[in-house]
Every structure is written in structure tokens, then in C-alpha cells.
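Read the structure below first, then the notes.
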Amino acid sequence: MKIAIFGGSFNPVHREHVNILKAAASGLSLGKAIVMPSHLTPEKTGRLSVRAEDRLNMCRISFGNLKFAEISDFELMRGGVSYSYITCREFKDRYPDDELYFIIGADMLENFHLWKYPEEILKCAKLAVCARENASELEESIIAFKERFHKDVVKFGYTGADVSSTEIRVLAALGEETDEYLLPETANYIKQHSLYKIKEIEGVKTFLTRERWAHTVRVALKAAEYCPRFGISEYKAVVASALHDCAKYLKSDSPCLEGFVCPDDVPGPVVHQFAGAYVAEHTFGIKDAEILDAIRYHTSGKQDMSPLGKLLYLSDLLEHGRNFEGIKKLRELFSLSLDDALTVALERQLNYLKSTGRPIYRLTERAYQYLKENKNEQ
């Protein structure tokens, strides 16, 4: 019998997970597919998460109607970091006479050589790759894989929607609709158990206009997208994004600003960042210094910003609703380096202020000079 292991954090399970497994069962003529929610994965720490029990329940709910699917709690019960080579060894021992496959995406195939003991995985199972991504890139990855490991890769075709678990988590955390990405029963489970909700940011939407809230959602999505790349907490990024403009439309006599004192010589467009940090702390109860600092300087920048601060500044500037000359190149730079992108962004801001005769805030100039002076040390 042909058996496939389909692993992942499933945080949460979305429609495309189910569709991919259906395509694998058909394309590989599987007799059984073992759905394997991980306990912890090396590359996904720091993300918005839920209890292992909830992820297991979502797997049971989402894949439960597939007769060939079996939900396994092996990695959850084992605990610790979930390494695929251990799982493959275990299930090869359980099914020594069966043909074992390990399902991965094209992006995983590209980085497979970086996994822990990849050769051990290949001793136990054949890799089965979903061919939904760019066909030419997939072929290049397969060629590189074969040259490195001298093993074949089995492809099964599937073309579907580009759905991101990260996007679903962020939208759920912000109280936005996610039904289009989920099976109805999974969506109901998430709502019933308030999964991914962040209590501290509830109500912030009422502080903003519809357009500003849409911007806020896009900032959070952009920030969360790059959290894994730069090792930044997804939770902190979402909270900081959700609250970064919370004081933008508050009047000076608002009860939320009682006791707030703005620093001297702050240009008008910058005031809301200081007020926002104050409201985030005193109205929304945020105590995390890094989150408050990111909000406090998300418009002006400052010298020696934290990674979270840099991420928020750039996500605010480069979210998908923005459009200005040079934004495409700046977004590309953002995907590679926080410091390089921030340097260019600050230089652009300073040049714009100079060309329009508007006042240059000292923190913005210091932030730029700090990055330039410390470039070789970064």
C-alpha cells in the first residue's frame, strides 16, 4: 500500500491544505494519508499560535471527511521540536512493507538540504511535491535536489488559490473575516473558541476611520509576512501594527489622552506616534517596552531602533495599499534587509522634506545618520 505523511503546524488548517491532500491521494494513488500536526517546528517559533489540542481538533474537523486520512498525534505526544527524520523513521518501522511518501511544498524542496538529517528522511520515504507553484522554479529545485541527493522526486499536480496561514492568523487576531479561506466547520471552531484573538487590541478598530483600519490591517499583514525572515515575534508585530495609529484621530481633550505630554518641537504629522504609544499603554494596557517603543517611533524613526521598530516603520510605509515612485525596489530591499531598506526609506523621507521645505525632525535625521555610521557593523 502507498502511504503518505502530510505534516505541518496546521496553524490553522485551511482549504488548500485539504485540497492538496486530496490531489496527493489521487495523483499518488494513496491507500492512506497520515496527517501529522507538529509540536514545534524549528522555523516557526514566535508565531501567533494556539494550544496543540486545538490544532489537532482542527485537523480532525478539516480532514475528517476524507476516508483515506488518518490524524496522528505522534509529534504532539512526543513533544519538543518536531524533526521529520524522527517521524519518518517511526512510520517506516510501523509500515515496513509499504511504500512511504513524504509530502512537501516546492518551497520546502528548495531548502530541503538545510533540514536536520535530510538523508535519513530519504532512507525512509520518497518526497512527493505539490506542483502548484511556478513550474520552472519547481523544475530547477528538482534538478538541484537530484544532483545533491541522487534521488527522484514524485510530482503530483495541483493548481489552487494562494492561501497563507499567516494571513488567516493575522485577520483572525484583528477580528476580520477569514471564512473564504477555511472550511465552514473549521471557521466555526475558530470563532467558537476565539482562537488567535488578542484581547489587548480589541476595540482599536473603533478608534479609526474605515480607510485607516484597512491600512492598519495591511500593515499587520505585511509585518507578519516578514517576521520569520527576521526572527521577530509575530504576536508583537501584530499588536504594534494594530495600535500604531490608535491616536491618529483623537482630539487633544480626549479622555484617552489625559496626562499625555508631547515632547517639544515635534512636527504635527509626528505627534500621533507619541500619543499612540501613550494610548496603547494607558488605554489598551500594553506593557511590553519593545511594542511601545515601536509605536512611539513608527513615523519618525530613531537611532538604534529595535528589529520590531524597523519592521513596523517599513511595513507602515510599504504595505500593499501604498504607491509611490521607487516603492517596488524598496519592497524588494525590505525582503532582504531591514537596515538597508530603512536607510533608503529614511534618505527618501529626508530628501522629500528638504525639497518641500518642511521641517526635518531631529530623530529622523539621527536615525539616518546612525544607520550610515554603523553600516559596517550591521
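Bear in mind that the values in this text are calculations on the coordinates, not laboratory data. No experiment lies behind these values; they were computed from the predicted model shown. Cβ placement follows ideal geometry from the backbone for every residue including glycine, while neighbour counts extend to all protein chains displayed.
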**Q.** Anchor K205: lysines whose Cα lies under 23 Å away (excluding residues fewer than 8 positions away in-chain)
**A.** K191, K197, K222, K236, K248, K251, K287
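Please identify every one of the GluC sites (Glu not before Pro) in the stretch 236-310 that sits in a loop by DSSP and has no more than 16 other beta carbons within 10 Å of its own beta carbon.
On the way: sites: E258, E281, E290; in loops: E258.
The qualifying sites are E258.
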Q) List the GluC sites (Glu not before Pro) in the stretch 161-195 that DSSP assigns to loop (not H, G, I, E or B) and whose Cβ has at most 12 other Cβ atoms within 10 Å. Which are they? A) E177
Q. In whole Å, what is the distance between the alpha-carbon centres of the stretch 281-302 and the stretch 81-150?
A. 43 Å
Q: For the chain, set up a Gaussian network in which alpha carbons nearer than 10 Å are linked by springs, and say which option among S49, S252, S38 fluctuates the most.
A: S252
Q: Determine the shape class of the stretch 86-189: with a ≥ b ≥ c the square roots of the Cα gyration tensor eigenvalues, call it rounded for a/c under 1.5, and otherwise prolate if a/b is greater than b/c, oblate otherwise.
A: prolate
(Q) Would you calculate the convex hull of the Cα atoms in the chain and tell me its volume per residue in Å³? (A) 156 Å³
Q: Could you give the C-alpha radius of gyration of the stretch 257-301 expressed as a fraction of 2.2 N^0.38 Å, taking N as the number of residues it contains?
A: 1.08
Q) Residue by residue through the stretch 187-199, which ³J(HN,Hα) values in whole Hz follow from phi under the Karplus form 6.51 cos²θ - 1.76 cosθ + 1.60 (θ = phi - 60°), with glycine and proline marked x? A) 4, 5, 4, 4, 5, 4, 9, 6, 5, 6, 5, 10, 4
(Q) Within 10 Å, at most 12 other Cβ atoms, and a DSSP state outside H, G, I, E, B define an exposed site. Report the longest part of the chain free of exposed chymotrypsin sites (Phe, Trp or Tyr not before Pro). (A) 1-248
Q. What are the ³J(HN,Hα) values, in whole Hz, obtained from phi via the Karplus relation 6.51 cos²θ - 1.76 cosθ + 1.60 with θ = phi - 60°, for each residue of the stretch 84-101 in sequence order, with x given for Gly and Pro?
A. 5, 5, 5, 4, 5, 4, 4, 7, 5, 5, 6, 10, x, 9, 9, 8, 9, 10
Q) How would you classify the stretch 80-136 from its alpha-carbon gyration tensor, with a ≥ b ≥ c the square roots of the eigenvalues: rounded for a/c under 1.5, else prolate if a/b is greater than b/c, otherwise oblate? A) oblate
Q) In a GNM of the chain with a 10 Å cut-off on Cα contacts, which of L243, L171, L138 has the highest mean-square fluctuation? A) L138
(Q) Can you classify the stretch 9-120 as rounded, prolate or oblate using the Cα gyration tensor, where a ≥ b ≥ c are the square roots of its eigenvalues, rounded means a/c under 1.5, and otherwise it's prolate if a/b beats b/c and oblate if not? (A) rounded
Q | Rg in Å to one decimal, and Dmax rounded to a whole Å, for the stretch 184-237 via C-alpha atoms | A | 13.4, 34
**Q.** Choice from V153, V13, V204 with maximal GNM fluctuation in the chain (Cα, 10 Å cutoff)
**A.** V153
Q. Under a Cβ-Cβ limit of 4.7 Å, which cysteines in the chain have nobody to pair with?
A. C59, C130, C227, C246, C256, C262
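Scan the chain and report its longest stretch carrying no trypsin sites (Lys or Arg not before Pro) that are both in a DSSP loop and have at most 14 other Cβ atoms within 10 Å.
Numbers: sites that count: R51, K67, K116, K151, K251, K287.
In the chain, the maximal stretch lacking such sites is 152-250.
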